[in-house]
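Participant: The structure is given below, and queries will be raised subsequently.
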Amino acid sequence: MIHTLALVVGLTILWFLSSGFFIPLILGLGAVSIAGVIWIAHRMDVVDHESHPIHMAPKGVLYFPWLMWEIVKANLDVAGAILRVLKDDESRIEPKVMIVETSQHSDIGRVTYANSITLTPGTVSIAVDGNLIEVHALTQVAADGLETGEMDQRVTALEGHVAPGTEGGG
């Protein structure tokens, strides 16, 4: 029930942000549209813990700014690698394919981790197989960043679990 309520609230906010009208007819049509979407979602049985992960929202407030900062840093790394190639006529780009182990406990956690890797410039998640993600890294800095495991630990915390090895002082 809480997932349905969160979906109603989210759709209502989206409706108000998209329309901006407060005319009774428009508000009524919006309410009918939202009710229709909720009815279809229930008929399809898609409103659940995995497809609507509201349990991740409070911790996402801290995770997403951190991810945005990582994206900025990765952009600078990739831009620097490209400029070094243009300047020195020798490649500073060192692409490699690597396997990263995940510590997430759910599919939504692993998908969030794989998507976070892909959103970060210089790295692309190629495949997810169980608790392993195959990643293409453009530079050694990008590969080193993944090997530290910080993103893995943050996504595990985002999904509501403590990452292995961080129980004591996390």
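The values are calculated or read from the model by the stated rules, or taken from the named source; none is laboratory data. Since we're looking at a predicted model, the values are computed, not measured. We place every Cβ from the backbone using ideal geometry, glycine too, and count neighbours over all the protein chains shown.
Participant: What number of residues within the range 1-58 are over 29 Å from residue 107 (Cβ atoms) and not hydroxyl-bearing (Ser, Thr, Tyr)? Talk me through it step by step, then tell me what you get.
Facilitator: As a first pass, look at the range 1-58 and keep what is over 29 Å from residue 107 (Cβ atoms): 15-33, 35.
Then drop every residue that is not not hydroxyl-bearing (Ser, Thr, Tyr), which leaves 15-17, 20-32, 35.
Qualifying residue count, the range 1-58: 17.
Participant: Sticking with this structure for a sec: Being modelled with pLDDT of 85 or more and either within 25 Å of residue 158 (Cβ to Cβ) or assigned by TED's automatic domain parsing to the domain that holds residue 106 (or both) narrows it down to one of 14, 25, so name that one. Before you say what the answer is, go through the steps one by one.
Facilitator: Numbers: 25 fails: either within 25 Å of residue 158 (Cβ to Cβ) or assigned by TED's automatic domain parsing to the domain that holds residue 106 (or both).
Being modelled with pLDDT of 85 or more and either within 25 Å of residue 158 (Cβ to Cβ) or assigned by TED's automatic domain parsing to the domain that holds residue 106 (or both) holds for just one of 14, 25, which is 14.
Participant: Right, another one. Tell me yes or no: at least one residue of the range 61-69 is farther than 28 Å from residue 128 by Cβ and surrounded by fewer than 11 Cβ atoms within 10 Å (Cβ to Cβ). Please lay out each step first, then the result.
Facilitator: Applying the first criterion (farther than 28 Å from residue 128 by Cβ) to the range 61-69 yields none.
No: the range 61-69 contains no residue that is farther than 28 Å from residue 128 by Cβ and surrounded by fewer than 11 Cβ atoms within 10 Å (Cβ to Cβ).
Participant: For the range 41-60: of the residues being hydrophobic (A, V, I, L, M, F, W, C) and modelled with pLDDT of 85 or more, which is surrounded by the most Cβ atoms within 10 Å (Cβ to Cβ)? Even if it seems obvious, please write down each step before you answer.
Facilitator: Quick first cut of the range 41-60, residues hydrophobic (A, V, I, L, M, F, W, C) only: 41, 44, 46-47, 54, 56-57.
Narrowing the set further to residues that are modelled with pLDDT of 85 or more leaves 41, 44.
Working: 41: 18, 44: 9.
Top of the filtered list is 41.
Participant: Within the range 87-110, does at least one residue satisfy the condition of being assigned to a helix (DSSP H, G or I), of a type in the set (A, V, I, L, M) and touching a strand residue (DSSP E or B) at 6+ places or on another chain (Cβ under 8 Å)?
Facilitator: Narrowing the range 87-110 to residues assigned to a helix (DSSP H, G or I): 87-88, 107-110.
Filter once more, keeping what is of a type in the set (A, V, I, L, M): 108.
Right, trim to touching a strand residue (DSSP E or B) at 6+ places or on another chain (Cβ under 8 Å) and you get none.
Within the range 87-110, not a single residue is assigned to a helix (DSSP H, G or I), of a type in the set (A, V, I, L, M) and touching a strand residue (DSSP E or B) at 6+ places or on another chain (Cβ under 8 Å).
Participant: Do we find a residue being in a helix (DSSP H, G or I), modelled with pLDDT under 90 and either within 15 Å of the chain's Cα centre (by Cα) or not aromatic (Phe, Trp, Tyr) (or both) anywhere in the range 115-126?
Facilitator: Pass one, the range 115-126, residues in a helix (DSSP H, G or I): 115-119.
Okay, now just the ones that are also modelled with pLDDT under 90, so none.
Looking for residues that are in a helix (DSSP H, G or I), modelled with pLDDT under 90 and either within 15 Å of the chain's Cα centre (by Cα) or not aromatic (Phe, Trp, Tyr) (or both), one finds none in the range 115-126, hence no.
Participant: Scan the range 41-76 residue by residue and report those that are charged (D, E, K, R) and within 30 Å of residue 140 (Cβ to Cβ). Spell out how you get there, then give the answer.
Facilitator: To start, the set of residues in the range 41-76 that are charged (D, E, K, R) comprises 43, 45, 48, 50, 59, 70, 73.
70, 73 - these are the residues of the range 41-76 that are charged (D, E, K, R) and within 30 Å of residue 140 (Cβ to Cβ).
Participant: Could we say that residue 112 is touching a Pro at 6+ places or on another chain (Cβ under 9 Å) and closer than 14 Å to residue 151 by Cα here?
Facilitator: On the way: touching a Pro at 6+ places or on another chain (Cβ under 9 Å): yes; closer than 14 Å to residue 151 by Cα: yes.
So residue 112 fits the description; yes.
Yes/no matrix, rows are residues, columns are (1) within 24 Å of residue 143 (Cα to Cα); (2) at pLDDT 85 or above; (3) surrounded by 14 or more Cβ atoms within 10 Å (Cβ to Cβ); (4) not assigned by TED's automatic domain parsing to the domain that holds residue 115:
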position	(1), (2), (3), (4)
18	no, yes, no, yes
30	no, yes, yes, yes
36	no, yes, no, yes
39	no, yes, no, yes
78	yes, yes, yes, no
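Participant: Right, here's the next one. Being in a helix (DSSP H, G or I) and closer than 21 Å to residue 119 by Cα narrows it down to one of 38, 82, 34, so name that one. It would help to see each step written out before you state the result.
Facilitator: Values: 38 fails: closer than 21 Å to residue 119 by Cα; 34 fails: closer than 21 Å to residue 119 by Cα.
Within the list 38, 82, 34, the selection yields 82.
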